[in-house]
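For reference, the structure is listed below as structure tokens.
The values are calculated or read from the model by the stated rules, or taken from the named source; none is laboratory data. Fair warning: this is a prediction, and the values are worked out from it, not measured in the lab. All Cβ positions, even for glycine, are placed from backbone atoms using ideal geometry, and neighbour counts span all protein chains on display. Heads up: the accessible areas ignore ligands, DNA and RNA and are worked out on the full protein's heavy atoms, side chains in. Shrake-Rupley method; radii C 1.70, N 1.55, O 1.52, S 1.80 Å.
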Amino acid sequence: MKILRVSLIVIAAVVGAALLAGMIIVPSLRRSGLPELNGEKAIAGLTADVKVIRDERGVPHIYASNEHDLYFMTGYITAQERLWQMDMVRHATQGRLSELFKRDMTETDHFLRALGMSEKSQLVLEKEDPGILAALEAYTDGVNRWMEETGRKLPPEFRVLGYQPEPWTLTDIANIIGFIGWDLASSNLSDEINNYRLGRKLGPVKASELIADWKHVDEVVFPGFELDKKLLEDALISIGSLKEMEELGIVSLSGSNNWAVSGSRSETGKPILSNDMHLGLNVPGFWMQVHQVIPGRINVTGVLFPGEPFIIAGHNERIAWGMTNLSVDDIDLFVETVDSTGNSYLYNGEWLPFRTSEEIFRITDDSSQTRTIRYTHHGPVISGMRGIDDEVLTMCWTGYDYSDEIRAVYLLNRAGSWDEFRTALSHFRSISQNFAYADVEGNIGLQTGGGIPLRKGTGLLPRRGDTDEYEWKGYVPFELLPSSFNPDNGFVSSANQRTVTGEYPFYISGEFAMPYRIMRIREMAAEKEILGIDDFKRMITDNHSAYAAMLTPVILRAAEAISDPGDGVKAALVELKGWDYAMDGSLIAPTLFEFIRIELARHIMSDELGELYGSPHGRQHDFYIYRMINEGPDAWVDNKTTVEVETMDDIIALSIASAVDTLTARYGEFGESWQWGNIHTLTLEHPMGGVKILDRLLGLNSKTYGVGGSYHTVEPYAFRENFGAYHGASERHIFNTADWDQSLTVIPTGTSGIPGSPFYLSQTETYVNNGFYSEPFTEQAVKAAKKYEMVFRPAGEL
């Protein structure tokens, strides 16, 4: 990101000079690319009239008479509102970020290019259903029509970076699906290496106390198997280059919540379904709200990803659906043995040639790099990229195998029953989710969809690549994936926790979320037999922490043994004793909990982990503390660097004191400055918003908000070391199957990605304050909510 910032600062200086010279007018630049919202317009490419009504949020309700025009207009409007976001993601899928930002991001581009998304996309498109292919073509035609019409009056990012976008293609659509799949899978890559490093440092028994599913690992696979240190370093450098993607806001998928109640437990007598998918909190936002209608044929509303034509999560006239990440382990790393020439690798006693691809990485018009990407049958080499080593790591990923999520979502938009819903989900493989379901007939359900590899043992650690012993044998058949339909308790829910018990015969993952969110969801659902829309609003924005409810009493019991607490510690303990575990921004107790929790993990683990403590082991920390609460302390508690043998009470007392000391050093004496919302803040940042002059002139970033919640609450605001929230609910939906017009929704940003638009960050205040908007669905409700209306006619009719 430092390189990107340098490049943008240079660009910003040029823009700033132009602004000072009066060559660019700021308001004009901010509003560049804004669409017309009222009136009539003739467009080449339409076959009939299309009406676009917008409500108070600027959400487009698109009424067409056929699929071609519906998806043509969807492409046209998403380009109007989000073209630069679409183009940035397109550059990422193609490994061309250096070219976009005109600075060296070659490490990131190299890794992305090795994923081969375009090759997979071509395979998908060649096999695609002709009707679906026609819809995709109509969408690309709509995007390209907008680009042709707008000419050089593009959104401000294009003008700042000084380039024109290329035409949108079918491959671009399919690549985005692949990219979303990779985003979901990517954490498995670093987890596998970090698990290996833990095992080598601590031994399998000790490491198993930090890795939730280590007990499933077959020990006989690993004796005597050790990775070369340089091999590890090379792989970690490659993986680390993807950090730039996260800071651009184009990788971020992780947790989510969904739940549904049946009509027997609903005030309406019909099911209610809630969904909030957790992603990076940036601007432009991940989702765009769109309503698509062909009267008598399709009526579907929800969110789509700009660049894609179909609604990914939402509802039609018959069913509603939402999704949470399955967290499937869909990546395996293989250690390949390489011959002295570097041209071949060993497999089942034979030397097989690497497949190679020469790739040119353009940075500027007169600057580029050429690199060779090597592949085995497992996948690309992700280590030793610059030279020849005796061993290299390759990556096997479900995203390389054929799947058709495009067809899956197309069918979801049209599904009218549980069976049709499941048929749609059967096409998921490179994207794996737990899908919640509710319909107007009163049914609810939960269905796993995706690709769970059939493998020997688990994928928690790198495997030997010189034998077929650890090859995947296909995927768990869809019919054997976990499923629940109309359970007796009238309730289904998921929140990225472990999907099934240990009795399930197939390994899914060891990287599931700790159960704090799902514990709280189920606790709230059990508080009342009958739940209504207001209950769902309270639940989806709830910030009470089940984690705090479990750990705080342990902290307070241990604190009773502190013989001479100082004033700061006394005040802290008073706050914690009167706390109801709500992570409210106005309270000090949540701040104390988070700081003590962090110090507790450090004091327990850093002496044994040493240099590994700084690596990404957040889940391991939480898993150990969860296990400690349930099973009691163990040998980890004693600090190995001291002569004394510490008890858990000693470590907790030390953690409380060091947390108070840290807070005092950073924020002053105990008081208002310690309130959680003063420390835990949210700023929605644009990829260019880190350059102050651009942010100041164009208004790219949101203002800063104090927020409550945490990564372990149902209302999720995950944070980095500076406690700035960067990850949370990318949308909130409450679907009312008894009356679709009474469904509720909100996103963190707004419909538009153009800073001068009235719909740029227009929903942020409502989102931060836990509010909602109604989601008009019937024609009558849409007309009542109308603020703007545009009629598009085929060219030649006006």
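Quick test for you: out of Y504, Y437, Y470, Y516, pick the one residue that is among the aromatic types (F, W, Y) and surrounded by fewer than 16 Cβ atoms within 10 Å (Cβ to Cβ).
Y504
Being open to solvent by less than 20 Å² (accessible area, probe 1.4 Å), out of contact with any strand residue (DSSP E or B) (no Cβ under 6 Å at 6 or more places or on another chain) and assigned to a loop (DSSP other than H, G, I, E, B) is the filter here, so list the residues in the range 686-709 that pass it.
Listed by number, the residues that qualify are H686, P687, M688, G689, V691, L700, S702, G708.
Out of all the residues in the range 389-427, which are more than 23 Å from the chain's Cα centre (by Cα) and farther than 27 Å from G296 by Cβ?
Selection gives D389, D390, E391, V392, L393, T394.
In the range 169-211, which residues are out of contact with any strand residue (DSSP E or B) (no Cβ under 7 Å at 6 or more places or on another chain) and small (G, A, S)?
Answer for the range 169-211, where residues must be out of contact with any strand residue (DSSP E or B) (no Cβ under 7 Å at 6 or more places or on another chain) and small (G, A, S): A174, G178, G181, S186, S187, S190, G199, G203, A207, S208.
Please give the helices (runs of 4 or more DSSP H) falling wholly within the range 87-194 in which 2 or more residues are among the charged types (D, E, K, R).
In the range 87-194, the matching helices (runs of 4 or more DSSP H) lie at 106-114, 117-126, 130-150, 156-161.
Taking the conditions exactly as written (surrounded by fewer than 21 Cβ atoms within 10 Å (Cβ to Cβ) and within 28 Å of the chain's Cα centre (by Cα)), does R627 satisfy them or not?
Taking the combined requirement at face value, the residue satisfies it.
Go through (1) open to solvent by 20 Å² or more (accessible area, probe 1.4 Å); (2) modelled with pLDDT under 95 and name the single condition G39 misses.
It is condition (2) that G39 fails.
Please count how many residues of the range 73-106 are under 24 Å from S430 (Cα atoms) and either at pLDDT below 90 or not β-branched (V, I, T) (or both).
11
Only one of these conditions is not met by L556: (1) touching a Lys or Arg at 6+ places or on another chain (Cβ under 8 Å); (2) within 30 Å of T766 (Cβ to Cβ); (3) among the aliphatic types (A, V, I, L, M); (4) modelled with pLDDT of 95 or more. Which number is it?
Among (1) touching a Lys or Arg at 6+ places or on another chain (Cβ under 8 Å); (2) within 30 Å of T766 (Cβ to Cβ); (3) among the aliphatic types (A, V, I, L, M); (4) modelled with pLDDT of 95 or more, the lone unmet condition for L556 is (2).
Go through the range 277-302 and give me each residue that's touching an Asp or Glu at 6+ places or on another chain (Cβ under 9 Å), in a loop (DSSP other than H, G, I, E, B) and either free of Cβ contacts under 8 Å to residues at least 60 places away in the same chain or within 17 Å of Y71 (Cβ to Cβ) (or both).
Scanning the range 277-302 gives P295, R297.
Could you tell me how many of the residues in the range 710-755 are open to solvent by less than 20 Å² (accessible area, probe 1.4 Å) and either part of a loop (DSSP other than H, G, I, E, B) or hydroxyl-bearing (S, T, Y) (or both)?
Residues flagged as open to solvent by less than 20 Å² (accessible area, probe 1.4 Å) and either part of a loop (DSSP other than H, G, I, E, B) or hydroxyl-bearing (S, T, Y) (or both) within the range 710-755 amount to 21.
Would you confirm whether any residue within the range 761-775 is aromatic (F, W, Y) and surrounded by 24 or more Cβ atoms within 10 Å (Cβ to Cβ)?
yes
For the range 671-685, check the following and say yes or no: at least one residue is open to solvent by less than 10 Å² (accessible area, probe 1.4 Å) and of a type in the set (S, T, N, Q).
Scanning the range 671-685 turns up no residue that is open to solvent by less than 10 Å² (accessible area, probe 1.4 Å) and of a type in the set (S, T, N, Q).
Could you list, in sequence order, all residues of the range 439-466 that are of a type outside the set (K, R) and part of a strand (DSSP E or B)?
D439, I444, G445, L446, Q447, T448, G449, P453
Do we find a residue being farther than 20 Å from W676 by Cβ, hydroxyl-bearing (S, T, Y), under 32 Å from the mean Cα position of the chain (by Cα) and assigned to a loop (DSSP other than H, G, I, E, B) anywhere in the range 604-617?
yes
Within the range 435-483, work out how many residues are among the β-branched types (V, I, T) and free of Cβ contacts under 8 Å to residues at least 12 places away in the same chain.
Selection size over the range 435-483: 0.
Could you tell me whether A653 is over 33 Å from the mean Cα position of the chain (by Cα), in a helix (DSSP H, G or I), among the aliphatic types (A, V, I, L, M) and surrounded by fewer than 20 Cβ atoms within 10 Å (Cβ to Cβ)?
no
Tally up the residues in the range 58-99 that are more than 20 Å from the chain's Cα centre (by Cα) and either closer than 12 Å to Q292 by Cβ or open to solvent by 10 Å² or more (accessible area, probe 1.4 Å) (or both), please.
21
Is it fair to say K537 is among the charged types (D, E, K, R) and closer than 18 Å to D276 by Cβ?
Spelling it out, K537 is indeed among the charged types (D, E, K, R) and closer than 18 Å to D276 by Cβ.
How many residues are open to solvent by less than 20 Å² (accessible area, probe 1.4 Å) and either assigned to a helix (DSSP H, G or I) or of a type in the set (S, T, Y) (or both) when one looks only at the range 542-568?
Going through the range 542-568 one residue at a time, the tally reaches 9.
Those residues that are open to solvent by 10 Å² or more (accessible area, probe 1.4 Å), among the β-branched types (V, I, T) and touching a helix residue (DSSP H, G or I) at 6+ places or on another chain (Cβ under 7 Å), I need them from the range 587-603; list them, please.
I588
Are there any pairs, at least 6 apart or on different chains, whose C-beta atoms fall under 8 Å, with the first in the range 772-785 and at pLDDT 95 or above and the second aromatic (F, W, Y), and if so, which?
Pairs that qualify, where the first residue is at pLDDT 95 or above and the partner is aromatic (F, W, Y), are E775/W740; F777/W740; T778/W740.
What is the residue count in the range 189-207 for residues that are within 30 Å of V409 (Cβ to Cβ) and open to solvent by 10 Å² or more (accessible area, probe 1.4 Å)?
Total meeting the criteria: 2.
Step by step: first the residues of the range 358-374, then only those that are surrounded by 11 or more Cβ atoms within 10 Å (Cβ to Cβ) and without any contact (Cβ under 8 Å) to a residue 60 or more places away in the chain, then the one that is nearest to G465 (Cα to Cα). Which residue is that?
Among them, the one singled out is R374.
Please specify each residue of the range 283-315 satisfying the condition of being open to solvent by 10 Å² or more (accessible area, probe 1.4 Å) and over 26 Å from N144 (Cβ atoms).
P295, G296, N299
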